[in-house]
Amino acid sequence: MKFAPFDDDSEDALFSPEERSAAASRSTWVSVVVNLVLTVIQIVIGVMAKSQALVADGIHSLSDLVADFVVLFANHHSQKDADEDHPYGHQRFENAASLVLGLILLGVGGSMLWSAIVKLQNPDTVATVHVMALWVAGAALVFKELLFRYMLAIAKRVKSSMLVANAWHARSDAASSLVVGVGIVGNLMGYPILDPIAALIVGVMVTKMGWEFGWDAMHDLMDRAADDEEVDAIRQTLMDTPGVSGVHDVRTRKMGDMIVVDAHIEVDGAITVEAGHDIAVAARQRVMQRHRVLNLMTHVDPWHRPDLDHAASSTEARVASGPRPGSSVP
């Protein structure tokens, strides 16, 4: 699943890595408590009330609980400082956590699908559900929706894609509880088969979300670039730096919730090496202050002059360098 880029990169400087880690830990522990309570209640009442859909929803909440601990683990390790083996830091623990979360959801969803299909193949074994299951499904829907809104607000405030993924996982739980409620209502109205059908739909939802999380995380681990909007904003910040006359070859790769950038900046070819270096340093500082950039590597090129990185045609090179002694320009 792709999430929209965060709205205001200028706010990044308001949150230090320690503050972002603390916010992530606090919101995730709230999720742990909610999911632990819901898991126990849904599975116990689901078994007693003979509702396969409610039990499936309880297992979904259990997968949320496991996912919460994965997030806590990744949040702790991603904040470690850079070292000799990891010169850019450990932010990709977050990408790895999202991949693990996706694999967990795929496994849970597949198990739900198999169980529901077995029930659907033997409709005579589907029992009438007790009304208590409906009350539990309704309460779970309310708590999961509230949890989603709380976690998403925290994730957007500190700009953590890992927390956004976990928040949407909570929203998938709310949607699954709604489906479960509908299935239980149908069962109570004399259509018992709707309960395992609801369990089947929940399994499809969980499997789909697991695939999307895992697929996105895998691409991030393979150095996927930042969104075009974010790249354009970084390019504009470089262009606005005094002394920078042009920008090209801006390349990015994601590192957790941060971005590593390589860029070629063009400066007046007649200035000294020291002056060009100072401009590059200023450009780097501006970008890292205004965007979620972990590091920016700049390469200084002469403005409107051919260089070895971008070989111009012989005609362009001749025109740029002027007429040779003893020759005339046509």
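The values are calculated or read from the model by the stated rules, or taken from the named source; none is laboratory data. Keep in mind the model is a prediction, meaning the values are calculated, not measured. Note that we place each Cβ from the backbone using ideal geometry, even for glycine, and neighbour counts take in every protein chain shown. The protein model used for the area step is the full one, side chains on, heavy atoms only, and it has no ligands, DNA or RNA in it. Shrake-Rupley method; radii C 1.70, N 1.55, O 1.52, S 1.80 Å.
A few points about this structure:
- Entry remark, segment 159-176: residues being more than 30 Å from TYR191 (Cα to Cα), part of a helix (DSSP H, G or I) and not hydrophobic (A, V, I, L, M, F, W, C) number 2 in total.
- Against the criterion of being among the aliphatic types (A, V, I, L, M) and in contact with a His (Cβ under 7 Å, 6 or more places away or on another chain), ILE265 does not qualify.
- Any hit, segment 257-264, residues being more than 30 Å from ALA97 (Cα to Cα) and open to solvent by 10 Å² or more (accessible area, probe 1.4 Å): yes
- Of the set (1) modelled with pLDDT of 85 or more; (2) open to solvent by 40 Å² or more (accessible area, probe 1.4 Å), all apply to ILE59 but (1).
- In segment 116-139, residue surrounded by the most Cβ atoms within 10 Å (Cβ to Cβ) [restricted to those that are closer than 16 Å to VAL202 by Cβ and of a type outside the set (Val, Ile, Thr)]: ALA137
- Taking the listed residues ASP228, ASP223, the one that is on the phi > 0 side of the Ramachandran plot and of a type in the set (Asp, Glu) is ASP223, with no other qualifying.
- Looking only at residues of segment 153-184 that are over 18 Å from VAL204 (Cβ atoms) and hydroxyl-bearing (Ser, Thr, Tyr), we find that the one that is least open to solvent (accessible area, probe 1.4 Å) is SER160.
- Verdict on LEU163 being touching a residue at least 24 places away in the same chain (Cβ under 8 Å) and more than 26 Å from ARG26 (Cα to Cα): no
- Cβ-Cβ contacts under 9 Å between residues 6 or more apart (or on different chains), taken from a first residue in segment 242-263 that is of a type in the set (Ser, Thr, Tyr) to a second residue that is part of a strand (DSSP E or B) and at pLDDT below 90, are listed as THR252/ILE259; THR252/VAL260; THR252/VAL293.
- Whether a residue is open to solvent by 50 Å² or more (accessible area, probe 1.4 Å) and at pLDDT below 85 was assessed, and MET209 does not pass this test.
- For segment 145-158, the criterion of being at pLDDT below 80, aliphatic (A, V, I, L, M) and assigned to a helix (DSSP H, G or I) is satisfied by at least one residue.
- Cβ-Cβ under 6 Å pairs, at least 6 apart or on other chains, segment 109-137 side within 19 Å of SER61 (Cβ to Cβ), far side among the hydrophobic types (A, V, I, L, M, F, W, C) and outside any helix (DSSP H, G or I): VAL129/ALA49; MET132/ALA49; ALA133/ALA49
- Every pair of residues 6+ apart whose Cβ atoms lie under 8 Å, when the first sits in segment 182-202 and is closer than 10 Å to THR128 by Cα while the second is open to solvent by less than 60 Å² (accessible area, probe 1.4 Å) and hydroxyl-bearing (Ser, Thr, Tyr): ILE184/SER51; ASN187/SER51; ASP195/SER51
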